[in-house]
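Q: Here it is, the structure, as structure tokens.
The values are calculated or read from the model by the stated rules, or taken from the named source; none is laboratory data. Just so it is clear, the structure is predicted and the values come from calculations on it, not from any experiment. Glycine gets a Cβ as well: all are built from the backbone with ideal geometry, and neighbour counts include every protein chain shown.
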Amino acid sequence: MRRSEFFLPTLKEIPSDAEVLSHQMMVRGGLIRRLASGIYSYLPLGWRVLHKVIKIVREEMDAAGGQEVLLPAIHPKELWDESGRWELYGEDMFHLLDRRKKSFCLAPTHEEAITNLVRSEVRSYRGLPLLLYQIQTKFRDEPRPRFGIVRCREFLMKDAYSFHRDENSLQETYKKVYNAYEKIFKRCGLDCEIVEADPGLIGGGLSHEFMVLAHNGEDVLVLCKKCGYKANADKRTDDICQAGNTKKKQSKELKEVKTPGMTTIEQVSEFLKVEPSTLVKTLIYFADENPVAVLIPGDREVNEAKLKSKLGATTINLASPQQIEKLTGAPVGFSGPVGLKLKMIADYSISGMVSFVTGANKNDTHLINVNIDRDFKIDEFGDLKIAIDGDPCPKCGGTLEVKTGIELGHTFNLGTRYSESMKATFLDENGKEKLMVMGCYGIGVSRIIAAVIEQHNDENGIILPISIAPFPVTILPLNMNDENQKTLAEDIYSDLRFEGIEVLLDDRNEPAGVKFKDADLTGIPIKVILGEKSLKEGKIEIQLRSTGEKLKVEKSKLIDEVKRLIKV
Ligand SMILES: [Zn+2]
């Protein structure tokens, strides 16, 4: 491709609406442009990168035994009613009406569509197992699209679904896809953390997330250096950590104290001269339609994703001040568990606390020396806090580190979540009808590019690995008025293309500095530099974007050298 003809608008300045590095660099490097909030166009350079990523994903999915399909993006409502997810997705899904006023959605995911296909076509155990995948545009009406292509409303995803006669068969395929994912991310030049995850809206059991650590990532993960435990910070650890001893005897008498106007933890702790950690916050939530009191230590915050999953609720919302007053009899800031007639759920850490401070459900009043069991009962304990650095590891008691990352892949063991609601059955050897066991496996294909850039960049721009570079090589004749350079550039250009190597020839009549800047910005891995000085010596300079390393090679050996560098 000739740079003079190539549609590649690069920017000198950092775009003001780009919050994170990868977003800034993709806009500056001419890979993407924004059309509307969370909706992006891929320009030729970005589209080339995306194609490289798609090729890797496709090769590894095929190698894992997958077969590629393409399902529709527009789905009828009835299909989603079968799984019960039309309501569940709610406003996160784009809804539309056709001319007959029939409801459809722009599909945010394809469990329903694929289950519908397989249940109609596969009747016998002989047709199983089956691993189908597609690379397709997904639509999600995100409440807060952000970070460029990381959280979008329209994005490219690879989603795969597997169907099995039993759990053992699913485990085999799950492992194969898991391994394929490791290879995909490695080939894209990414260093991934594979963590245990909460299955969320998709439902089902075992689940893993493939995350890339990034400063501005919106996913939070916890890591334990001691035992290697890794998990999404939204994953509850109820399965591995237990409530402590709640039977400690406390003789201090429960007492009311006046706390006029003290509605925050800080005010109360300062007023009573106690640490915030010795207070217990009582928060009133509505889980779907049902009110529930949630207790956590005064110095901690509730992780609403954990709470939602603990309660098995579709939506959870903090109660309004009016609702709180109605339910507790006191204004906001004075809620407490003693005498409260609500379902009561508490974080594990409360179980070890004695003689703590809570609201008294009375205006301007708190209680001191409150104790579980003696003064009130907890219906259920669970892991409900937002994890922070230094929390104990649920597996080994070591110290957890909290990091942010970008989720790139997610694998789920769905069990019979969809085959049951959508009646996807098969006949086994004995002619007995059984439910198919399912797995589903997603990769945010477009997101991979942002993650690679977050991991590989410098102050000059993007650094792309050869595997996903739009062009592995760019030729920079530094002076287009020099006929020698011009002819040589053309020769090298046609020789490289003859070898099947994609190359960008910067044939613009621009100063050398501009050409270098653009080449760095766009992240092309290998620069072939034609400058006066080295040409006089009969040499051509090669510069590597990743290390800055410079090599000088004889003209006659240039093509072989480039081929060698590309194969590395
Ligand atoms: Zn640990």
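Q: Within segment 322-356, count every residue that is under 15 Å from VAL294 (Cα atoms), touching a residue at least 40 places away in the same chain (Cβ under 8 Å) and not basic (Lys, Arg).
A: Counting residues in segment 322-356 that are under 15 Å from VAL294 (Cα atoms), touching a residue at least 40 places away in the same chain (Cβ under 8 Å) and not basic (Lys, Arg) gives 20.
Q: So in segment 495-536, with the set limited to residues that are among the hydrophobic types (A, V, I, L, M, F, W, C) and farther than 30 Å from CYS188 by Cβ, which one is surrounded by the fewest Cβ atoms within 10 Å (Cβ to Cβ)? Let's see the steps before the verdict.
A: Of segment 495-536, the ones among the hydrophobic types (A, V, I, L, M, F, W, C) are 496, 498, 501, 503-505, 512, 514, 516, 519, 521, 524, 526, 528-530, 535.
Checking the rest, the ones that are also farther than 30 Å from CYS188 by Cβ come to 512, 530, 535.
Details: ALA512: 14, LEU530: 20, LEU535: 19.
Here the answer is ALA512.
Q: Follow-up. What pairs come out if I take residues in segment 413-430 that are farther than 13 Å from ASP166 by Cα and pair them with residues that are among the aliphatic types (A, V, I, L, M) and not in a loop (DSSP other than H, G, I, E, B) whose C-beta lies under 6 Å away, six or more apart or interchain?
A: The qualifying pairs are TYR418/MET438; GLU420/LEU435.
Q: Please state which of the following conditions SER335 fails to meet, knowing it meets all the rest: (1) within 16 Å of the ligand (Cβ to nearest atom); (2) surrounded by 22 or more Cβ atoms within 10 Å (Cβ to Cβ).
A: Tallying (1) within 16 Å of the ligand (Cβ to nearest atom); (2) surrounded by 22 or more Cβ atoms within 10 Å (Cβ to Cβ), SER335 fails exactly one: (1).
Q: Next question, about the same structure. In segment 69-94, what count of residues is obtained for those that are without any contact (Cβ under 8 Å) to a residue 40 or more places away in the chain, surrounded by 15 or more Cβ atoms within 10 Å (Cβ to Cβ) and either assigned to a strand (DSSP E or B) or among the aliphatic types (A, V, I, L, M) (or both)?
A: 3
Q: Now, a different point. List the strands (runs of 3 or more DSSP E) that sit entirely inside segment 370-431 and contain at least 1 residues that are within 16 Å of the ligand (Cβ to nearest atom) and within 17 Å of ARG300 (Cβ to Cβ).
A: Working: elements: 380-382, 400-415, 425-427.
It comes to 400-415.
Q: Ok, one more. Can you pull out the residues in segment 69-106 that are of a type in the set (Gly, Ala, Ser) and either modelled with pLDDT under 95 or closer than 20 Å to ASP159 by Cα (or both)?
A: ALA73, SER83, GLY84, GLY90 - these are the residues of segment 69-106 that are of a type in the set (Gly, Ala, Ser) and either modelled with pLDDT under 95 or closer than 20 Å to ASP159 by Cα (or both).
Q: For segment 205-239, enumerate the residues that are among the basic types (Lys, Arg) and within 11 Å of the ligand (Cβ to nearest atom).
A: LYS225, LYS226, LYS230
Q: Any residue at all in segment 246-260 that's outside any strand (DSSP E or B), modelled with pLDDT of 90 or more and touching a Leu at 6+ places or on another chain (Cβ under 9 Å)?
A: yes
Q: Ok, one more. Write out, first by first residue and then by second, each pair whose Cβ atoms fall under 6 Å of each other, whose residues are 6+ apart or on separate chains, and whose first residue, in segment 209-225, is outside the structural domain of GLY189 (by TED's automatic domain parsing) while the second is within 16 Å of the ligand (Cβ to nearest atom) and among the hydrophobic types (A, V, I, L, M, F, W, C).
A: none
Q: I would also like to ask the following. Looking at (1) in the same structural domain as GLY439 (by TED's automatic domain parsing); (2) touching an Asp or Glu at 6+ places or on another chain (Cβ under 9 Å); (3) crowded, with 18+ Cβ neighbours inside 10 Å, which is the one condition that is false for ALA64?
A: Result: ALA64 fails condition (2) only.
Q: Restricting the search to segment 19-34, which residues are out of contact with any helix residue (DSSP H, G or I) (no Cβ under 7 Å at 6 or more places or on another chain), at pLDDT below 95 and either among the hydrophobic types (A, V, I, L, M, F, W, C) or assigned by TED's automatic domain parsing to the domain that holds ARG153 (or both)?
A: Scanning segment 19-34 gives a single hit, VAL20.
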